[in-house]
Amino acid sequence: MSFSLRTVTDLMTIAARTAPKSAGQDFVVVRVVEGDDLKRLADEMVKFGENTKKKNFDRDARNVAASQAVVLIGIKDAQSLDLNCGACGFDLCNDRIAAEHSEFVGPQCAFRLLDLGIALGSAVKTASLLNVDNRIMYRAGVVARQMGLIDTDFVMGIPLSVTGKSIYFDR
């Protein structure tokens, strides 16, 4: 990865890290994937789609393979905010028990998912302001987590590309 793009990924991780979080509690985890891990991620995304018969893992894998880096942003061990709001599907926060499911751990507190969304938005805005093409990808997060590239309960991937035309536009 070039020095310039490394600077962008560093600034994206700073943006995610410093993004506002509910009650000032931070459960956000960030990691940058590049080089051999990037190729492995793309290859495993194709395999995952084939094995599970889920759509578009191969399409997104082609984007990941053509990218220079992927920024992973997720949440780990995110505690409920104890508002008993019911947005997670449970009336009482104490009734919400997160368990491992086919792709992620859930259910998650809706406010912690909002925290993740704000961190993702802060990171992609940073990349966009610096003219680096990007796209938030659920599928990259699923496979990166399963590969152990990041230790999170719920995660999204943000592939980055610096070319004459965004590779994420015409898919």
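The values are calculated or read from the model by the stated rules, or taken from the named source; none is laboratory data. Note that the coordinates shown come from a computational prediction; the quantities given were computed from them, not determined experimentally. Cβ placement follows ideal geometry from the backbone for every residue including glycine, while neighbour counts extend to all protein chains displayed.
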*Under 8 Å between Cβ atoms, at least 6 apart or on separate chains: pull out the pairs that start in the stretch 90-107 with a residue that is closer than 28 Å to Lys54 by Cα and touching a residue at least 12 places away in the same chain (Cβ under 8 Å) and end on any residue that is outside any loop (DSSP other than H, G, I, E, B) and of a type in the set (Lys, Arg).*
Glu103/Arg145; Phe104/Arg145
*Has the stretch 102-118 got any residue that is within 18 Å of Leu149 (Cβ to Cβ), in a loop (DSSP other than H, G, I, E, B) and touching a strand residue (DSSP E or B) at 6+ places or on another chain (Cβ under 6 Å)?*
yes
*Does Ser122 satisfy the criteria of being hydroxyl-bearing (Ser, Thr, Tyr) and closer than 24 Å to Cys88 by Cα?*
yes
*asked:* Would you confirm whether or not the stretch 133-149 contains a residue that is free of Cβ contacts under 8 Å to residues at least 40 places away in the same chain and assigned to a helix (DSSP H, G or I)?
replied: yes
*Within the stretch 25-50, track down each residue that is within 30 Å of Ala110 (Cα to Cα) and of a type outside the set (A, V, I, L, M).*
Gln25, Asp26, Phe27, Arg31, Glu44, Phe48, Gly49
*closer than 19 Å to Gln79 by Cα, in a loop (DSSP other than H, G, I, E, B) and either modelled with pLDDT under 95 or polar (S, T, N, Q) (or both): does that describe Thr152?*
yes
*Among what's in the stretch 119-153 and is of a type in the set (A, V, I, L, M) and more than 24 Å from Ile167 (Cα to Cα), pick the residue that is surrounded by the most Cβ atoms within 10 Å (Cβ to Cβ).*
Ile150
